[in-house]
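> Can you keep this structure in mind? I'll have questions shortly.
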Amino acid sequence: MERIKKGALWVFCEVQENQLLPVGLQLLGRAKTLAEESNRPLYAVVLGKISKDSVKLLHASGAHEVICSVGSAFDEKLEQPYADSLIRLSEQFEPDILLVGATPFGRAFAPRVAAALGTGLTADCTELSIDAESGLLLQTRPAFGGNMMATIRTATSRPQMATVRPGVLPLPEPMEVSDREPITIEDDGQIGLVKLLKETAISRGADISQSKIIVAAGRGIGQKKNLKLVQALADKLGGQVGASRPLVDMGFCPYSSQIGQTGYSVAPDLLICCGISGAVQHLAGIGGAKTVIAINTDPKAPIFAVADYKIVGDCVSVLEHLLKALDEN
Amino acid sequence: MKIIVCMKQVPAAATASIDPLTKTIVRTGRNAVTNPFDLYALQTALDIKSGVGGSVTAITMGIPAAQKVLQDAISRGADDGAILSDRAFAGADTLATSYALSLGINKLGGADLIVCGKMAVDGDTAQIGPELAQHLGISHVSDVSEILEMAPDHLVVRRVWDDVEQELYLPLPALITVAKGQNLPQLPTIPGMLRGRAAQIPTFTAEDLQADIARCGLKGSPTQVVRTFTPPVRGEAQTIDGNEAQQAGQLVQIIREVLHGAD
């Protein structure tokens, strides 16, 4: 226990099906720099048992120590046991900073921790840095629907807490490290009142928010049958289909594919927008896209303002030609 | 069952456009609406009420004009509403907001079930529900997409998280946050609208709630915005010209370069 120093930088690393989620490693990669800049120890915090390889990967990703809290309460991913455990750990070891991946689970339980500790929590950050003067964590997130960015700090209460969006920080290159034991803490916390009756894995593939290549359709796609072209292009490129809200509202596409403020935020390497005009709410969800190709009949469509490449024309016809051209290559 | 629904007034985004110079949302001012996610929360509460009986009370915190969302809620079927309004509440972050809401709910005598929208579209934090549950010391389930079973003392709910679907037994009292798309919010009825207009909606001040002022509003908010800025803007988009076959050919090149560069 004396290996755990107070005032450290903690990264909560979420486990799914015995695998570490990438967002925890992405956070460790950035936190390593933050820890060096501010001279804080960096700990990866895991609730539940993980494999030796996973522990090693956490060390290799920058964690000085891996804190592994084990107990039967973590067998099921529910808000209360996870929050309660992190509350207890935080009260005991007083981290200065606590970072959590902004997965649905992270965003569901981390607020309970912040409320219990009476501290601030900045949601869904896209950038973190240390203020050279004060040593405080600067937490940057999209605000007002993604048209502005806001930098936020938690001046006096501790820990300084933030959830960070998956996929916006790069995965760190693993360092050469030797095998080291994690710090294991037995947690006899209770599972809480909510009972998990049934859990089903959904085979709808990776979430659109994690997708590296997205072909997205909007109203300009016209008829529902034209979505086949969008799907065909996505399949060909190894990507996923996204949709603007009107298509989801019309029942053309499932909500799981909705991009925008009331849908998912995406950060793909390549985003091809077919017949999307680019309403403010939609643009709010695509700020993280690296290369944007937009096809729309209206030369004044706002989507072109955020595009790298534009084609003014009918997306259905462009898609047909593009699919043909890809076949020929 | 006594149900309380938390609601928020937000700027209407449907009419919003981006100012080409400042790249900020042009606020039309006159438009403020009920947070769309909260309408799903309200509908969930109304559905549960019609299933097991009870009452639905809408609560909000905001400027006096925000009581419009409560009138809206009543016009859609809520029994009554209450607004927390006080200068001391202004500038609250999620910690201070959820603290004030917890006092408001206690002032109303507590609830068997509290329903919140998944998030508010102006703040996008999705934190009020879970923080409120923690302040009240009750269980919560986030992102509920369907109520599978309702009874006076418990709910069975379904939620979908990325690639997993859970069915959960939730004893009451408890709080749920409701995902979009689980129901179709009813439109206000004309008798409902008349009821909403006529409703006597109580206002609770910080003093009424015996709130610790140091935990309210800006003063009680641990997070501080140190600066806001416009995200870096992309350069002018490069136009791909030519006939459709030529455009397709250029697109193939661009896609190839992007995918190659990303590896």
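The values are calculated or read from the model by the stated rules, or taken from the named source; none is laboratory data. What you see is a predicted model; the values in this text were computed from it and never measured. Cβ placement follows ideal geometry from the backbone for every residue including glycine, while neighbour counts extend to all protein chains displayed.
> Restricting to the stretch A:206-234, what's the tally of residues that are β-branched (Val, Ile, Thr) and in a helix (DSSP H, G or I)? If you could, list the steps in order and put the result at the bottom.
The initial filter retains those residues of the stretch A:206-234 that are β-branched (Val, Ile, Thr), namely A:208, A:213-215, A:221, A:230.
Among the residues that remain, those that are also in a helix (DSSP H, G or I) are: A:208, A:221, A:230.
Total satisfying the criteria: 3.
> Those residues that are part of a loop (DSSP other than H, G, I, E, B) and facing another protein chain (nearest Cβ under 8 Å), I need them from the stretch A:284-305; list them, please. Explain how you work it out, then say what you get.
So in the stretch A:284-305, the residues part of a loop (DSSP other than H, G, I, E, B) come out as A:284-290, A:297-301.
Answer for the stretch A:284-305, where residues must be part of a loop (DSSP other than H, G, I, E, B) and facing another protein chain (nearest Cβ under 8 Å): A:GLY287, A:LYS290.
> Can I ask one more? Would you call A:ALA63 assigned to a strand (DSSP E or B), crowded, with 24+ Cβ neighbours inside 10 Å, of a type in the set (Gly, Ala, Ser) and touching a Leu at 6+ places or on another chain (Cβ under 8 Å)? Steps first, please.
Numbers: assigned to a strand (DSSP E or B): no; crowded, with 24+ Cβ neighbours inside 10 Å: yes; of a type in the set (Gly, Ala, Ser): yes; touching a Leu at 6+ places or on another chain (Cβ under 8 Å): yes.
Considered against the rule, which asks whether it is assigned to a strand (DSSP E or B), crowded, with 24+ Cβ neighbours inside 10 Å, of a type in the set (Gly, Ala, Ser) and touching a Leu at 6+ places or on another chain (Cβ under 8 Å), A:ALA63 comes out as no.
> Also, I was wondering about something else. Would it be correct to say that B:ALA237 is within 25 Å of B:LEU108 (Cα to Cα) and either of a type in the set (A, V, I, L, M) or surrounded by 13 or more Cβ atoms within 10 Å (Cβ to Cβ) (or both)?
Working: within 25 Å of B:LEU108 (Cα to Cα): no; either of a type in the set (A, V, I, L, M) or surrounded by 13 or more Cβ atoms within 10 Å (Cβ to Cβ) (or both): yes.
Against the criterion (within 25 Å of B:LEU108 (Cα to Cα) and either of a type in the set (A, V, I, L, M) or surrounded by 13 or more Cβ atoms within 10 Å (Cβ to Cβ) (or both)), B:ALA237 does not qualify.
> If B:THR97 satisfies all but one of (1) within 17 Å of the chain's Cα centre (by Cα); (2) of a type in the set (Ser, Thr, Tyr); (3) over 21 Å from A:ARG107 (Cα atoms), what's the number of the condition it fails?
All conditions pass for B:THR97, except number (3).
> How many of the residues in the stretch B:137-189 are facing another protein chain (nearest Cβ under 7 Å), touching a residue at least 60 places away in the same chain (Cβ under 8 Å) and farther than 19 Å from B:ASP124 by Cβ?
0
> Another question, then. Would you list the strands (runs of 3 or more DSSP E) that sit entirely within the stretch A:102-177 and hold 3 or more residues that are within 7 Å of chain B (Cβ to nearest Cβ) and at pLDDT below 95? Give the steps one after another, and end with the answer.
Details: elements: A:121-125, A:127-130, A:137-143, A:148-154, A:160-164.
Result: A:148-154.
> Out of (1) touching a strand residue (DSSP E or B) at 6+ places or on another chain (Cβ under 6 Å); (2) under 26 Å from A:ALA83 (Cβ atoms); (3) among the hydrophobic types (A, V, I, L, M, F, W, C), the odd one out for B:ALA96 is which?
Unmet for B:ALA96, out of (1) touching a strand residue (DSSP E or B) at 6+ places or on another chain (Cβ under 6 Å); (2) under 26 Å from A:ALA83 (Cβ atoms); (3) among the hydrophobic types (A, V, I, L, M, F, W, C): (1).
> Let me ask you something else. Select from the stretch A:72-87 the residues that are part of a loop (DSSP other than H, G, I, E, B) and touching a Gly at 6+ places or on another chain (Cβ under 8 Å) and write down the one among them that is nearest to the other protein chains (Cβ to nearest Cβ). Give the derivation first.
Going residue by residue through the stretch A:72-87, those that are part of a loop (DSSP other than H, G, I, E, B) are A:75-78.
Subset that is touching a Gly at 6+ places or on another chain (Cβ under 8 Å): A:75, A:78.
Working: A:ASP75: 13, A:LEU78: 8 Å.
Ranking the qualifying residues of the stretch A:72-87, first place goes to A:LEU78.
> Between B:GLN200, B:GLN224, which is more than 9 Å from chain A (Cβ to nearest Cβ) and not β-branched (Val, Ile, Thr)? Before you say what the answer is, go through the steps one by one.
Numbers: B:GLN224 fails: more than 9 Å from chain A (Cβ to nearest Cβ).
Within the list B:GLN200, B:GLN224, the selection yields B:GLN200.
> Among the numbered conditions (1) in a helix (DSSP H, G or I); (2) more than 8 Å from every other protein chain (Cβ to nearest Cβ), tell me where A:GLN281 comes up short.
(2)
> Determine if the stretch B:113-128 includes at least one residue that is charged (D, E, K, R) and over 13 Å from the mean Cα position of the chain (by Cα). Before you say what the answer is, go through the steps one by one.
Let us first name the residues in the stretch B:113-128 that are charged (D, E, K, R), namely B:118, B:122, B:124.
Pick out the ones that are also over 13 Å from the mean Cα position of the chain (by Cα) and you get none.
Within the stretch B:113-128 (the criterion being charged (D, E, K, R) and over 13 Å from the mean Cα position of the chain (by Cα)), the answer is no, since none of the residues qualifies.
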